[in-house]
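Comments concern the structure below.
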Amino acid sequence: MSTRIIPVEPFDYVVFGGTGDLAARKLLPALYHRRVDGQIPDGCRILAASHLSMDDAAYRAWAREALTSHLNPEDLDEGGLSAFCNLLHHIHLDAFSDQGWPELVAALAGRPAAVRAYYLAVGPGLIGPICARLGALNLNGPNTRVVVEKPLGRDLDSALKVNRDVLAVFHEGQVFRIDHYLGKETVQNLMALRFANALFEPLWNGAHIDHVQITVAESIGVGSRGGYYDKAGALRDMVQNHLLQLLCLVAMEPPDSYDADSVRDEKLKVLKALRPIPDDKADQLTVRGQYTSLSSDALRVPAYVEEVGVQRSLTETFVAIKAEVANWRWAGVPFYLRTGKRMPTRVSEIVVAFKPIPHSIFPDDAGAIQSNKLVIRLQPDEGVRQWVMIKDPGPGGMRLRHVPLDMSFAEAFGVRNPDAYERLLMDIIRGNPTLFMRGDEVEAAWRWVDPILRAWERDGRSPHAYTAGTWGPSRAIALIERDGRTWHEETV
Ligand code: BG6
């Protein structure tokens, strides 16, 4: 397979929060890759704005260090690094005072026609003030876009405010709300799988699908992000955005085209069809967990509260939810969602579990017939596995086996899988919002999440404890097993 690199127009990326964690870990490495691969032409500029007082040379040194620690050593190339760092500039800027704004105006003045993207890699409290300044200083030109990062609010009201603040200056078509899960290769493959094949669509409904599982498990803890995380928790941090977006892509009707609004209209309908979880059902349909420490001779993993440095916290680091999409296609098909930190392994996958066959023609000693499953693995080892029953090869009579038809993308295509941010950052420059959330989607997702948050608050109890390195509290297993189902675990 070949990759295709289409160079983008010359641009100015203005990164507010240019010395932050996101810039260091994701944005600069992604832009570096696109530059080294030849997609970013000469004449592009990355203007990092931050509260730190540093000149271009100091910023380039900082960026070089960030790239060296966040890129794979085999991707680092001295020539490439120097050429990339030459695109970087720094402006010492304060969102709340005049500091740095004249410099930004001057830097942008010479290139009014270039594509310009303001990337707001900042806390939610800075989004409004920065947008207001950009508007007041006439920095919203013809080719301008604005990129907003999570968290897009902490509940419906605050999300409405973020949307209002941004839309007071920019129109919806200019706003790119990032959910980096939509930039992952396999997530887009889900659309290819569903809508570029005749095979699945006739079966893609409650008549043939028994249930769907969406798991996003991380083996890491909260690390240095405790300050943010303790105010957010897994429901806000992962479910409201990443897991619900994945659910939408599984559940949506075929859009009439791959056009941004057609796709987003269909996703919105799914979000609106999510059956609300009322207060008195929250305990039955949702599970909250928080990791406790793990101690063995060889290893000690701290508890969540130790990592965050607090005595006690009600913040959940694990969530499992039994959700339902109340429409004709999905009536009666549960969507089991789970996500957590400090799980036994890092894995993100979607499992579409089909119904059992109606009748077996095989003798009992042929072995149990298990249902078909389509497993879409987002990470690691991106790929698709279709589990089917086959006859065990060779003599010995009819013996049945459940095996995966396996397609690992790395093996099949032998190409480096670009990080989600690489694709998304270039889509912003190209002005293609298909893989970004529209304002009404974000609001609809909050509308479903808000009552769960409120039910938990009212309940007031601590999340259920689970030992670091396990699959969450035992109630998460009970959530699915009470329905006679189990969480999918790969056995091959
Ligand atoms: C982010 C969350 O959006 O996604 C983090 O804020 C989480 O808490 C991360 O670790 C997971 O992303 P990925 O791409 O590593 O699965």
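What is the sum of charges around residue 305, taking Lys and Arg as +1, Asp and Glu as -1, for the other residues whose C-beta is under 10 Å from the C-beta of residue 305? The partial results should precede the final answer.
Working: positive: 312; negative: 230, 306, 307.
Result for the neighbourhood of residue 305: -2.
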(message) Students often check this: by mean Cβ neighbours within 10 Å, which of 310-319, 473-482 ranks highest, and how do the rest follow?
(response) 310-319, 473-482
(message) Need one word for the stretch 257-301: rounded, prolate or oblate. Basis is the Cα gyration tensor (sqrt eigenvalues a ≥ b ≥ c); a/c below 1.5 gives rounded, then a/b vs b/c decides.
(response) oblate
(request) Of the options 95, 85, 71, report the single residue whose Cα projects farthest towards the positive end of the charge dipole of the stretch 1-109 (beta-carbon charges: Lys, Arg +1; Asp, Glu -1). (result) 71
(request) Provide the net charge surrounding residue 320, with neighbours chosen by a C-beta distance below 11 Å and charges set as Lys +1, Arg +1, Asp -1, Glu -1. (result) +3
(message) In whole Å, what are the extents of the stretch 417-492 along the principal axes defined by its C-alpha atoms, from largest to smallest?
(response) 47, 42, 26
(request) Using just the alpha carbons, could you tell me how many Å³ per residue the convex hull of the chain encloses? (result) 180
(request) Rounded to whole Hz and in sequence order, give me ³J(HN,Hα) for the stretch 231-243 from the Karplus expression 6.51 cos²θ - 1.76 cosθ + 1.60, θ = phi - 60°, writing x for Gly and Pro. (result) 8, 9, x, 5, 5, 6, 6, 10, 6, 4, 10, 4, 5
(request) Return the carbon/sulfur percentage of the accessible area of the stretch 64-202, one whole number, probe 1.4 Å, all protein chains in place. (result) 56
(request) Would you compute, from DSSP H runs of 4+ residues alone, the mean residue ellipticity of the chain at 222 nm, taking -39500 (n - 2.57) per run and dividing by the full residue count, rounded to the nearest 500? (result) -10000 deg cm²/dmol
(request) Give, as a single signed number, the net charge of other residues whose beta carbon lies under 10 Å from the beta carbon of residue 114, with Lys and Arg counted +1 and Asp and Glu -1. (result) +1
(message) Tell me the per residue accessible area of the stretch 87-204 using a 1.4 Å probe; a whole number in Å² is fine.
(response) 40
(message) Let me spell out the model: positive unit charges on the Cβ of Lys and Arg, negative unit charges on the Cβ of Asp and Glu, origin at the Cα centre of the chain. What dipole size does that give, in debye rounded to 20?
(response) 700
(request) Would you mind checking which residues have amide H under 5 Å from residue 147's amide H? H placed 1.01 Å from N; only 5 or more apart, or other chain. (result) 118, 119, 120, 176
(request) Distance check, please: which entries in 150/231; 184/231; 272/322; 26/150; 281/341; 26/184 exceed 18 angstrom between their Cα atoms? (result) 184/231; 281/341
(request) Would you calculate the separation in nanometres between label points at residue 355 and residue 253, each defined as 7 Å from the Cα along the Cα-to-beta-carbon direction? (result) 2.2
(request) Give the long-range amide H neighbours of residue 388: residues separated by 5 or more places, or on another chain, with amide H under 5 Å away, using H modelled in the peptide plane at 1.01 Å from N. (result) 403, 405
(message) With an 8 Å Cα cut-off and a minimum separation of 6 or more residues, compute the relative contact order for the stretch 356-492 in percent.
(response) 13
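The values are calculated or read from the model by the stated rules, or taken from the named source; none is laboratory data. Keep in mind that this is a model prediction, so the values were computed, not measured. Because the Cβ atoms are built from the backbone with ideal geometry, glycine has one as well, and the counts that use them run over all protein chains shown. Surface accessibility is based on the protein's heavy atoms, side chains included, excluding ligands, DNA and RNA. Shrake-Rupley method; radii C 1.70, N 1.55, O 1.52, S 1.80 Å.
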